[in-house]
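Here's the structure we're looking at; comments come further down.
The values are calculated or read from the model by the stated rules, or taken from the named source; none is laboratory data. Here the structure is a predicted model, which is why all the values come from computation and not from measurement. Note: ideal-geometry Cβ built from the backbone for every residue, glycine included; neighbour counts use all protein chains shown. The protein model used for the area step is the full one, side chains on, heavy atoms only, and it has no ligands, DNA or RNA in it. Shrake-Rupley method; radii C 1.70, N 1.55, O 1.52, S 1.80 Å.
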Amino acid sequence: MKAVLVVTHGTANLDGVNSSLKPLIEEIKKEFSEDEVRLAFTSKFIINKLFKQSGIKVNNLEEELEALIELGCTEVFILPLHLIPGKEYLDLLDVVETYRNRITAVVATPLLSEDEDYMNLIKSLNPSKELNYVYMAHGTDHEGNSSYLKLQQEFINKGYGKVLIGTLEGTPTLEDTIYMLKSRNINKIVLQPLLLMRGKHGTKDLDAWEERLISSGFEVQKNDKSLGEIEEVRKLYINKLNSLYN
């Protein structure tokens, strides 16, 4: 028996679950109709918060692996929804390794891993070459943060020189981004999240960035659509799964 296990940090924002996660899960169930499809969150804080707020119980990674073993599953194809190969992705690999003698598990790579992944994401985002964009990413102090810098360069290589990527917890920072905008004499921008779901970062932090940019003299058009709400991006995740099966 085979199973697909979708793994993400998680969100307690039901709007984020319904607009991003639910469509992806449904599409995976349709694509892999003969297999069991499960979901796991890696953040215990988010799991507890979601249950407290809405009564929805989502298992963590270990609980889902145990459940699949109990179900009689012999193979599990794990789809992490991480954008970059950072600490959370490496932690996931460590957990999966502890189960290698109990179940055959194959883990897909993050959305931005191979060279073609960057080009595919840019194509899926399909920004206008006429507009100036600021994408707000999560970022990290882990070396995986370099994936955002590579994505920035790939935008430029593909003729999207009006795109800038800033991060909440890595580099470039919002202040770095503001400096770059001013150095280019840009005063009108489209602000968009480079995040999977509309959680805290995709709502409160995006609003905070909008306010900061406006107070710095920029005219801001905010597009709060998350990556998980973009059908073409969801297809990229499903392609990651297909690559495991082939």
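Can you pull the one-decimal nm distance between simple spin-label points at residue 45 and residue 87, each 7 Å off the Cα toward Cβ?
Distance between label points: 1.2 nm.
Report, to one decimal in Å, the Kirkwood hydrodynamic radius for segment 115-227 based on all distinct Cα pairs. Don't jump to the answer; show the numbers that get you there.
Details: mean 1/r = 0.0712 Å⁻¹.
With all distinct Cα pairs of segment 115-227 included, I get 14.0 Å.
Can you give the local net charge around residue 147? Use residues other than it whose beta-carbon is closer than 12 angstrom to its beta-carbon, Lys and Arg +1, Asp and Glu -1.
Numbers: positive: 150; negative: 114, 115, 117, 143, 154.
With Lys, Arg at +1 and Asp, Glu at -1, the net is -4.
Counting helices only, and only those DSSP H runs with n ≥ 4, report the 222 nm mean residue ellipticity of the chain as the sum of -39,500 (n - 2.57) divided by its residues, in deg cm²/dmol to the nearest 500.
Values: 9 runs with 101 residues, N = 246.
That calculation yields -12500 deg cm²/dmol at 222 nm.
Pull out the extension gain between residue 184 and residue 14, defined as 0.36 nm times the separation in residues minus the alpha carbon to alpha carbon distance; nm, one decimal. Walk me through the intermediate numbers first.
Details: separation 170, 0.36 × 170 = 61.20 nm, distance 3.87 nm.
Taking 0.36 nm per residue and subtracting the Cα distance, the gain is 57.3 nm.
Could you give the length gained by full extension between residue 158 and residue 103, i.e. 0.36 nm per residue of separation minus their alpha carbon distance, to one decimal place? Before the final figure, lay out the partial values.
Numbers: separation 55, 0.36 × 55 = 19.80 nm, distance 4.21 nm.
So the extension gain works out to 15.6 nm.
For the chain, with the dipole built from +1 on Lys and Arg beta-carbon atoms and -1 on Asp and Glu ones, taken about the Cα centre, which of 142, 39, 157 lies farthest toward the positive end?
Result: 157, furthest along the dipole toward the positive end.
Ignoring ligands, DNA and RNA, what percent of the 1.4 Å accessible area of segment 115-227 is carbon and sulfur? Could you put the intermediate results ahead of the total?
Details: 2580 of 5610 Å².
With neighbouring chains kept in place, the figure for segment 115-227 is 46 percent.
For the chain, give the magnitude of the charge dipole about the Cα centre (Cβ charges: +1 Lys/Arg, -1 Asp/Glu; no others), in debye to the nearest 20. The partial results should precede the final answer.
Values: 29 positive and 37 negative charges, 135 e Å.
So the magnitude is around 640 debye.
With +1 on each Lys and Arg Cβ and -1 on each Asp and Glu Cβ, and nothing else charged, work out how big the dipole of segment 167-246 is about its Cα centre, in Debye to the nearest 20. Show your work: numbers first, answer last.
On the way: 12 positive and 12 negative charges, 40 e Å.
Using only the charged Cβ atoms, the result is roughly 180 debye.
Quick one: Debye curve from the C-alpha atoms of the chain, no solvent, what's log10 I(q)/I(0) at q = 0.17 Å⁻¹?
Once normalised to I(0) and log-transformed, intensities are -1.31.
How would you classify segment 46-174 from its alpha-carbon gyration tensor, with a ≥ b ≥ c the square roots of the eigenvalues: rounded for a/c under 1.5, else prolate if a/b is greater than b/c, otherwise oblate?
Values: a/c = 2.48, a/b = 1.90, b/c = 1.31.
Verdict is prolate for segment 46-174.
Can you tell me the accessible area per residue over the chain, all protein chains present, probe 1.4 angstrom, in square angstrom?
Roughly 50 Å² per residue, with all protein chains present.
Taking every DSSP beta bridge that has both residues in the chain, what percent is antiparallel when rounded to the nearest 5?
Numbers: 0 of 29 bridges.
For the chain, the DSSP antiparallel bridge percentage is about 0.
With axes computed from alpha carbons, what is the tilt in degrees of helix 231-245 against the longest principal axis of the chain, rounded to the nearest 10 within 0 to 90?
Approximately 40 degrees, to the nearest 10.
Can you give me the solvent accessible area of residue 109 with a 1.4 Å probe, rounded to the nearest 10 Å²?
Here the residue's solvent-accessible area equals roughly 50 Å².
Residue 224 to residue 207: extension gain in nm, 0.36 nm per residue of separation minus the Cα-Cα distance?
5.2 nm
Binning at 10 Å from 0, report for segment 16-78 what percent of all alpha-carbon pair distances ends up in each bin.
Going out from 0 Å in 10 Å bins, segment 16-78 shows 19, 46, 32, 3 percent.
Defining a contact as two alpha carbons under 8 Å apart and six or more residues distant in sequence, what relative contact order in percent does segment 83-225 show?
Working: 178 pairs, mean separation 32.7, N = 143.
23 percent.
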